[in-house]
Amino acid sequence: MPEMPIQSPLHSIHTQHEAFFLPYGSAETVSQVVECFGDLDMEYASIRKGCVIFDASHMGTMIVTGSERGDFLNNMLTNKVDDLATGSGIRTFWLNKKGRIEADIRIAQREDKMFFMLDRHLCAQTAKTLNDFIFAEDAEVLDASEQYHRLHIHGPTSCKLVALASESDVSALDSLDELCNIEIAIAGIKVLIQRDDLTGEVGLDLCIPTDGVAAVYDRLLAVADEHESLKARAGGWLAINAARIEAGRPLYHIDFTDDHLPIESGVFDSRVSLTKGCYLGQEVVARMHARKACAKHIVAIKLNDERITAENQEIHQPTGGSQIFEPGKEGETPIGNVTSSTISPMLGAIPVCFAMVKEKFTAKDTVLSVSAEGILAPCTVQESLVLWSKA
């Protein structure tokens, strides 16, 4: 039987604010994630014009300590992690021996430890398997998901919100580069902040001691209420999901899984070093890259003839798992599946998707056919995963 759903320490607060929830996870373990607070359009608008505060209860934390942690992890993970400076960060994969992706990890380097952010449901197993590889190295891996909780803030006023909520000097926030991190205090609680622009806007990941997260969350909401110009509010997954698809950011356990190789993920270049040397699964990764062998990979698609207008409020939108066919061969074996789907406000309210598609059909402007609410709709493969950018 599945375990009881994992609930955020903020769950009762969300319930008081009439949040809707959705399940995230597997048949064995499920987290309850805020879907929205009843006004999806306003939550999305805040991402683009202000900021939203999102309870990332589905994301976990691991801590790696020891003087040889960098060297040890460099022999385990796909990216070069042995020379990270304090305050810097990097993304990387943890693979199995067959080169499949076991976890997608974002690292924040501090002076005496590394903080890992990854899917909460993978933390315990990932920590165990990494520890199993430690022989004589001075390193230890800990699942700290019970000790730390994460809030994400997305939108152009994110830094201003945090600055007003903090008792620390946060002048460095405005110039914080992607993946870099700093420590500040909010409501008397020490908070680790790492930049991660998931939605194409400024994104801040706050790693907070669990016993202090309610105080930090209350402080952020209070500042949002006091400063209407920030256009800040609590937000849920639906708005963030729409924005991250527009920004071209596939996610593990949604767009690619442990069945996939790094080269199929759509994020290979940001997670894999081809020059650093050996790591678990490296031979498979190097061979596939050298041969340019890829059976399938993630692409972005737009539906051609579906758009919300004043006259037409009903359109056909694919959902996760919708089958994709070669035109004229809709009765045959599908050549791919939709992994993520949304109606894109920044592209004129048209359906856009990420899809895992056979390599033969991944070239720009390839026309395909996708199952969408009872019909087969024409769609077109885009040049890149990024569908919209502020630049």
Open item on the list: Looking at the stretch 65-84, can you tell me whether even one residue there is closer than 27 Å to ALA232 by Cα and among the small types (Gly, Ala, Ser)?
Closed with: no
TODO: Using the structure shown, decide if MET76 is in contact with a helix residue (DSSP H, G or I) (Cβ under 9 Å, 6 or more places away or on another chain) and within 23 Å of GLU183 (Cα to Cα).
DONE: no
- [ ] Within the stretch 8-53, count every residue that is in contact with a helix residue (DSSP H, G or I) (Cβ under 6 Å, 6 or more places away or on another chain), part of a strand (DSSP E or B) and either at pLDDT 95 or above or closer than 20 Å to SER229 by Cβ (or both).
- [x] 7
Open item on the list: Checking LEU40 against (1) more than 16 Å from the chain's Cα centre (by Cα); (2) within 26 Å of GLU146 (Cβ to Cβ); (3) of a type outside the set (Gly, Ala, Ser), only one condition comes out false. Which one?
Closed with: (2)
Task: Positions within the stretch 213-271 being within 20 Å of SER158 (Cβ to Cβ), in contact with a strand residue (DSSP E or B) (Cβ under 8 Å, 6 or more places away or on another chain) and hydroxyl-bearing (Ser, Thr, Tyr), in sequence order - done: TYR217
TODO: Report yes if some residue within the stretch 171-194 is under 23 Å from THR86 (Cβ atoms), polar (S, T, N, Q) and in a helix (DSSP H, G or I); otherwise report no.
DONE: yes
TODO: Please enumerate the residues belonging to the stretch 283-304 that are more than 17 Å from LYS360 (Cα to Cα) and either at pLDDT below 95 or of a type in the set (Asp, Glu) (or both).
DONE: GLU283, VAL284, VAL285, ALA286, ARG287, ALA290, LEU303, ASN304
TODO: Taking the residues in the stretch 148-170 that are of a type outside the set (Gly, Ala, Ser) and in a loop (DSSP other than H, G, I, E, B) as candidates, determine which candidate is surrounded by the most Cβ atoms within 10 Å (Cβ to Cβ).
DONE: THR157
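The values are calculated or read from the model by the stated rules, or taken from the named source; none is laboratory data. Predicted, not measured: the structure shown is a model, and the values here were computed from it. Note: ideal-geometry Cβ built from the backbone for every residue, glycine included; neighbour counts use all protein chains shown.
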